1. Longest span of the chain, sites excluded, free of trypsin sites (Lys or Arg not before Pro) in DSSP loop with at most 13 other C-beta atoms within 10 Å?
2. May I ask you to derive the relative contact order of the range 161-301, considering only C-alpha pairs under 8 Å and at least 6 residues apart, and to give it as an integer percent?
3. Given contacts defined as C-alpha pairs under 8 Å and at least six residues apart, what's the relative contact order of the chain, whole-number percent?
4. How much of the accessible area of the range 161-301, probe 1.4 Å, is carbon plus sulfur, in whole percent?
5. Under unit Cβ charges (Lys, Arg +1; Asp, Glu -1), what dipole magnitude, rounded to 20 debye, does the chain have relative to its Cα centre?
6. Out of Phe51, Phe72, Phe90, any idea which swings most in a Gaussian network model of the chain, alpha carbons joined below 10 Å?
7. Report the percentage of all Cα-Cα pairs in the range 185-253 whose separation exceeds 20 Å, rounded to a whole percent.
8. Would you mind checking which residues have amide H under 5 Å from Ile309's amide H? H placed 1.01 Å from N; only 5 or more apart, or other chain.
Amino acid sequence: MKATAVAPANIALIKYWGKKDSTLRIPLNPSISMNLSACTTTTTVEFSDDFEKDVVTEGFDRQRIIQHLDRFRTITQTHKKARMSTKNSFPTSAGIASSASGFAALTMAASAALGLKFSEKELTGFARLGSGSACRSIPDGFVKWEGEAAHSLYPETHWDLRDIIVIVEHTEKKVSSSAGHDLVHTSPNLQKRLADLPNRIVRIEEALRTKNFQMFGEVIEEECLDMHHVMQTQNPPLFYWNDTTKTIMDAVRTWRKEGLPVYFTIDAGPNVHLMCEGMDERRVLETLKTIVGIESIIFNKSAPGAHVIEMHLF
Ligand code: DP6
């Protein structure tokens, strides 16, 4: 009873920030994301009567992983312990939503190892309980999460968009997003954000449908700044950006004025996601080389969702 699954991280175009129910991870608002081809987690889970205790990869949130394994043990009424090993293709906890790819891969691997036949919708529900954004890493390509489940809006082949992640800091983030979510209500700007979101969601869906890159870019930047405005006005305030983050945000505006169609978005960390169309990727990279303070760069296309790559049922 052993299976290996691969899942992509995802970049939120419309962000998930704040929960209606923090135990069940029901979000305050729908969110929309794109799966990332170069940021994946590969996880192997094996259940056996021979194991005396759960063994999970060092450095990951052990308690949260075991809690997730328990959810699968409860529904299958098994007491088998598990061995779990996992590997990320990108730095953990740097705001690249490693919990998203992590819990999506764990959900797929654990359910396959136990021989469970869940629908995609059910799998997104399970992944969500591990980490909210993980439910968006199960379906393919461009994904919308509303309430308890997520679904694909378009497959990864729909539009050749790129997400160039500019890593400006590899170190672990100081405040986890889970802790930050719980304080969202302390921001005086939350109600305005929630009132503005329905219109922003209509616009991003329209931009995705018609492949209107300018509209797409304007919405993702507006949304990124709005979420960070809420984060920065929480009590205590959450500032995820560093000086290089701000330099890049300014530079992107200048590059656009010079005719380069590129926009930014940022999750819960200092790293900047530069989004452009495939045909402009080389130009963005060339221009980016002028910035000081960049540690590394990860090139992503839109990607399929989580999938099982190996299974041993005996
Ligand atoms: C800023 O999914 O990490 O990246 O449900 O507590 O695990 P938990 O939170 P998490 O939050 C992600 C927040 C974000 C925005 C987003 O990905 O939508």
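The values are calculated or read from the model by the stated rules, or taken from the named source; none is laboratory data. No experiment lies behind these values; they were computed from the predicted model shown. Note that each Cβ is placed from the backbone with ideal geometry, even for glycine, and that neighbours are counted across all protein chains shown. All accessible areas refer to the heavy atoms of the entire protein, side chains included, with ligands and DNA or RNA removed. Shrake-Rupley method; radii C 1.70, N 1.55, O 1.52, S 1.80 Å.
1. Numbers: sites that count: Lys53, Lys117, Lys174, Lys289.
Looking at the chain, 175-288 is the longest stretch - no exposed trypsin sites (Lys or Arg not before Pro) with at most 13 other Cβ atoms within 10 Å.
2. Details: 180 pairs, mean separation 62.2, N = 141.
About 44 percent, as a whole number.
3. Averaging sequence separation for qualifying contacts and normalising by length gives 28 percent for the chain.
4. Values: 3520 of 6630 Å².
Looking at the range 161-301 in its full context, I get 53 percent from C and S.
5. On the way: 36 positive and 38 negative charges, 75 e Å.
For this selection, approximately 360 debye.
6. Checking each option, the largest mean-square fluctuation is seen for Phe51.
7. Working: 963 of 2346 pairs.
Distances greater than 20 Å cover 41 percent of the Cα pairs.
8. Thr4, Ala5, Val6
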